[in-house]
Amino acid sequence: MSQSDALLFLKALKEDGMEHLYIPDKSVQTVALPEKNKSGKANVANKPETSIEKDSVRTEMLKLHKQVMSCTQCPILVKNCTKVVFGSGNIHAKIVFVGEAPGADEDIQGLPFVGRAGQLLTKIIEAMGFKRDEVFICNVLKCRPPNNRPPAPDEVVNCRPYLKRQLELIKPKVVVALGNHAVHALLQTEQGISSLRGTFQEYEGIPVMCTYHPAYLLRSPGEKRKVWDDMKKVMKRLEEAPE
Ligand code: SF4
């Protein structure tokens, strides 16, 4: 990033109500493909245990990806969507952001959070000191509901096991649930985001920070500061989490 780009970026953050940049002490994690031996099989002998674990997470995630891409459990969604949006980012991430469902831009590109709300989420992630590809981003539903309607209860029931498996494999230290539908799907609660926002809840032993969806922030920019306060709590939790 050039100096002028960096200044523009900082100015945009300030306009979005963020006054501090967080620089965590961490290194970028990369995913390595398993090395192959002469027989073409993955050579796991003498590999450190963590490396073998990472290979296995990658293999399992690829299997899950294949399964999701061919899923037809919600006929209305399958009929209307263009691309299935599995999620993107680092499959060994410390933090996972979970939204509601793909919108029009995401449906076309097959990637989560790439529209205006996604650009705001990217700014939030970068202000936290991460690059977008260092975290994992996904939605409760992997297929776009027609006309961006809210997910139907049966669709959430159908798709939730995929989200569960993604989180089992990634094993993040913190999940950020963005908006009502993500909170409801993860926590299986009827409590609204207004009462849970800013609090850590728990999903399968993982702390879940409940906060507003970036699309809501575009409609109500005055609420951005609250989300930034929530993200500061997330960063503190990450610092305190054991490696
Ligand atoms: S939303 Fe989820 S469960 Fe429904 S068809 Fe798409 S991938 Fe399958």
Residues of the stretch 43-240: accessible area per residue with a 1.4 Å probe, Å²: 47
Taking N as its residue count, the alpha carbon Rg of the stretch 117-243 over 2.2 N^0.38 Å: 1.02
Percent accessible area from carbon and sulfur atoms, the stretch 43-240, protein chains only, probe 1.4 Å: 51
Centre separation in Å (Cα based) which lies between the stretch 136-203 and the stretch 75-123: 13
Given Lys83/Lys173; Lys94/Lys164; Lys123/Lys226; Lys173/Lys236; Lys142/Lys236, the pairs whose alpha carbons are separated by over 20 Å: Lys83/Lys173; Lys142/Lys236
Area accessible to solvent at His181, 1.4 Å probe radius, in Å²: 60
Percent of alpha-carbon pairs separated by more than 19 Å within the stretch 98-175: 39
Largest to smallest accessible area among Ser194, Ser51 [probe 1.4 Å]: Ser194, Ser51
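The values are calculated or read from the model by the stated rules, or taken from the named source; none is laboratory data. Just so you know, these numbers come straight off a predicted model, no measurement behind them. Heads up: the accessible areas ignore ligands, DNA and RNA and are worked out on the full protein's heavy atoms, side chains in. Shrake-Rupley method; radii C 1.70, N 1.55, O 1.52, S 1.80 Å.
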